[in-house]
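Read the figures in this text as sums done on the coordinates, not as results from a lab. Only a predicted model underlies this, so the values are computations on that prediction, with no experimental measurement involved. Note that we place each Cβ from the backbone using ideal geometry, even for glycine, and neighbour counts take in every protein chain shown.
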Protein chains: 2
Amino acid sequence: MSEVIDVVGIGNAIVDVLAHCDDAFIKRLGLTKGAMTLIDTARAEELYAAMGPAIEISGGCAANTTVGVASLGGKAAFIGKVGNDQLGGIFRHDVRAAGVHYDIAPATSTTPTARSMILVTPDAERTMNTYLGACHELTPADIDPHLIQRAKVTYMEGYLWDPPLAKEAFLKAARIAHEAGQEVALSLSDSFCVNRYLKEFQDLVKNHVDILFANIGEITALWETNDWHEAARITQQHCDLAALTRSELGSVIVTPDEMIEIPAWPVDRIVDLTGAGDLYASGFLYGYTHGRDFETCGRIASLAAGEIISHIGARPETPLAELVLSRLV
Amino acid sequence: MSEVIDVVGIGNAIVDVLAHCDDAFIKRLGLTKGAMTLIDTARAEELYAAMGPAIEISGGCAANTTVGVASLGGKAAFIGKVGNDQLGGIFRHDVRAAGVHYDIAPATSTTPTARSMILVTPDAERTMNTYLGACHELTPADIDPHLIQRAKVTYMEGYLWDPPLAKEAFLKAARIAHEAGQEVALSLSDSFCVNRYLKEFQDLVKNHVDILFANIGEITALWETNDWHEAARITQQHCDLAALTRSELGSVIVTPDEMIEIPAWPVDRIVDLTGAGDLYASGFLYGYTHGRDFETCGRIASLAAGEIISHIGARPETPLAELVLSRLV
């Protein structure tokens, strides 16, 4: 692979294990509704034994975003670490079959591939419980400078701050990208994740990131305010470009000069919110790397997010390029 | 578990790997559309590499049927062999989480759990390509006489004839069931499977089976005729009870005295035919083991089949007992 890449994503390589449950289950198991909670092996076994029949769909935030970019017709690559096991094989197959370049070697240890047990409640909210497993083995050595240099945007998920060496990989990639004159994008991932690494994330956003993605909970956590409008104004002071999502209220694209409101894409029935932010980022970055104006980037982003929340799982069921053709052009 | 069981199912323990494809893919890969084809490791790798992003959902014909019985509120148990691996753990979790009793030890070898690569074309037809793996290690020793004796119906899939020792397990279970005064049901599974074991299946149906399930292709293959009506008449001569399914034409319940026509359940959009026959059997056997008349058994069967073809995968998305309450009572 030597041509130009639109987006290279770096993130945790995760297989999602999705099941429906009611709110009583969330309460009984002591889960934090709507959040991503890290769990260890024992808790993973406890939760899995308690939850209902599930289905497995490849996931991982940055991986979902790169699959979305490929589904829109863009060139995408992914960097993340699976285990040397069946779930790792499933993850690898799915991301490659989606057209994303992926050649990171699996972990050499026996640590299993990461999985996220995702409980979807009747209100379509998803509660994620993630066992990181082999993701802990992503290191700076997995960052191929040649790949990063060729990517217009290097996109990373905030969750990378959880496995310690992955953070180093992230920083190495950001440095290489900037030295090559390319841009670095970051998704804040989750408000609890922001709170875990608050000062580091503030420094990162102010000094190392060109394009920021965040939802309401994440951006208000980042700037330590309860007021979304204030958070948006602070973002405007510190970022060249940010896309702030607000669920059914749509999103706002923030630049130093303007705030552009983008409506949410109307969806008949919201089934599962898993991947909404990831696919929003796909749409935005696809438009951005193809030279579209910010409003068009936002509309593609909304459409991609709308597709993903209309079914279970965080990988598109309909080729997004077809949707763009039929709905936006 | 010591109470009475409605249905114990014996079958291949399989995780389905489902992906959409077009008819050109079926042709290019030389697949037999609509059939179940057995594949070896090399072919499995070739197919997996060629197919698009997939999702994993536990499957296996008899396992699907027992899950359906449990979803209807019945007591069900399953006998089948998984490998000692991640996919085996997924299969075990899903069947148990559905409320089905399952305590068969995994294979002691390193042979992996069976998987079926299922390609779903735009017409909702499914083309199955099954690597049997650990299913080959089901033996008569896995048949617990105490479990079979307590089951009103011992249900087996014709596919059990493929792994050699599983057939012996099947025959052992049938003998135990009959000695305990219980009944034996068989699904013919697939017309190609019927053709592989024609004489044995004819003997089985004539002499060892109390309740027969078959679709048009299977029953005409069994009696070596192209005429469905003739096949139904021959069935009437040899079987005490049979349910013959005819896709959108509905089904016919055949006894020595009558043929009862049951309409197909109307479905808004048929998404994936995987599991239609398995869930038809769930509904029929749930009604039958709860003393309902044949027409009611058939209507529950049609409803269960209708639910399963309205979404991807062969495990119910909606609790079937709720559907019966809201649609049939």
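Some values worked out for this structure:
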{"read-out": "A:Glu45-B:Asp23 pseudo-label distance in nm [points 7 Å out on the Cα-to-Cβ vector]", "value": "5.1 nm"}
{"read-out": "In Hz, Karplus ³J(HN,Hα) per residue of segment A:309-317 (6.51, -1.76, 1.60; θ = phi - 60°; x = Gly, Pro)", "value": "8, 8, 8, 7, x, 10, 10, x, 8"}
{"read-out": "Partner lysines for B:Lys199 [C-alpha distance under 18 Å; skip if fewer than 8 residues away on the same chain]", "value": "B:Lys167"}
{"read-out": "Whole-Hz couplings from phi, Karplus 6.51/-1.76/1.60, listed for segment A:44-61; x for Gly and Pro", "value": "4, 5, 4, 5, 4, 5, 7, 7, x, x, 10, 10, 10, 9, 4, x, x, 4"}
{"read-out": "For B:Ile14, distant residues with modelled amide H under 5 Å away", "value": "B:Gly59, B:Gly60"}
{"read-out": "Using θ = phi - 60° and Karplus 6.51 cos²θ - 1.76 cosθ + 1.60, couplings along segment A:196-203 (whole Hz; Gly, Pro as x)", "value": "5, 10, 4, 5, 4, 5, 4, 4"}
{"read-out": "Long-range HN-HN contacts of B:His311 with modeled amide H, under 5 Å", "value": "B:Val271, B:Asp272"}
{"read-out": "Amide N of segment B:1-25 lying under 16 Å from the label point, which is placed 7 angstrom from the Cα of B:Leu328 along Cα→Cβ", "value": "B:6-7"}
{"read-out": "Over segment A:1-135, volume per residue of the alpha carbon convex hull, in Å³", "value": "104 Å³"}
{"read-out": "Other-chain or far-sequence residues with amide H under 5 Å of A:Ile39's (modelled H)", "value": "A:Thr130, A:Tyr131, A:Leu132"}
{"read-out": "Label spacing, shortest first and in nm, from A:Pro256 to its equivalents in the remaining copies (7 angstrom along Cα→Cβ)", "value": "9.2"}
{"read-out": "Net charge contributed by nearby residues that have their C-beta within less than 14 Å of A:Glu125 (K/R +1, D/E -1)", "value": "-3"}
{"read-out": "Net charge contributed by nearby residues that have their C-beta within less than 13 Å of B:Gly59 (K/R +1, D/E -1)", "value": "-4"}
{"read-out": "Charge dipole (debye, nearest 20) of segment B:5-327; +1 at Cβ of Lys and Arg, -1 at Cβ of Asp and Glu", "value": "380 debye"}
{"read-out": "Per-q log10 I(q)/I(0), segment A:5-327, q = 0.14 Å⁻¹ (Debye; single scatterer per alpha-carbon; no solvent)", "value": "-1.05"}
{"read-out": "Farthest toward positive dipole pole in the protein assembly as shown [+1 Lys/Arg, -1 Asp/Glu at C-beta], among A:Val15, B:Leu241, B:Leu72", "value": "A:Val15"}
{"read-out": "Kirkwood Rh and Cα Rg combined as Rg/Rh, the protein assembly as shown", "value": "1.02"}
{"read-out": "Simple spin-label estimate for B:Glu248 and A:His178 in nanometres, 7 Å along Cα-Cβ", "value": "6.2 nm"}
{"read-out": "Tail fraction, Cα-Cα pairs, segment A:10-56, threshold 16 Å, whole percent", "value": "44 percent"}
{"read-out": "Intensity falloff of segment A:36-89 expressed as log10 I(q)/I(0), Debye formula with alpha-carbon point scatterers, at q = 0.15 Å⁻¹", "value": "-0.64"}
{"read-out": "Whole-number percent relative contact order across segment A:5-327, with pairs defined as alpha carbons under 8 Å at least 6 apart", "value": "19 percent"}
{"read-out": "Inter-label distance for A:Thr225 and B:Glu224, nm, one decimal - labels placed 7 Å from Cα along Cα-to-Cβ", "value": "8.4 nm"}
{"read-out": "Label point at A:Phe192 placed 7 Å out along Cα→Cβ; residues across segment A:146-173 whose backbone nitrogen lies under 17 Å", "value": "A:158-163"}
{"read-out": "Over 27 Å (Cα to Cα) - which of A:Lys81/A:Lys152; B:Lys152/B:Lys206; B:Lys81/B:Lys152; A:Lys33/B:Lys75 fall in this group", "value": "A:Lys33/B:Lys75"}
{"read-out": "Proxy reagent accessibility, fewest Cβ within 10 Å first, across B:Glu307, B:Glu3, A:Glu157, A:Glu258", "value": "B:Glu3, A:Glu258, B:Glu307, A:Glu157"}
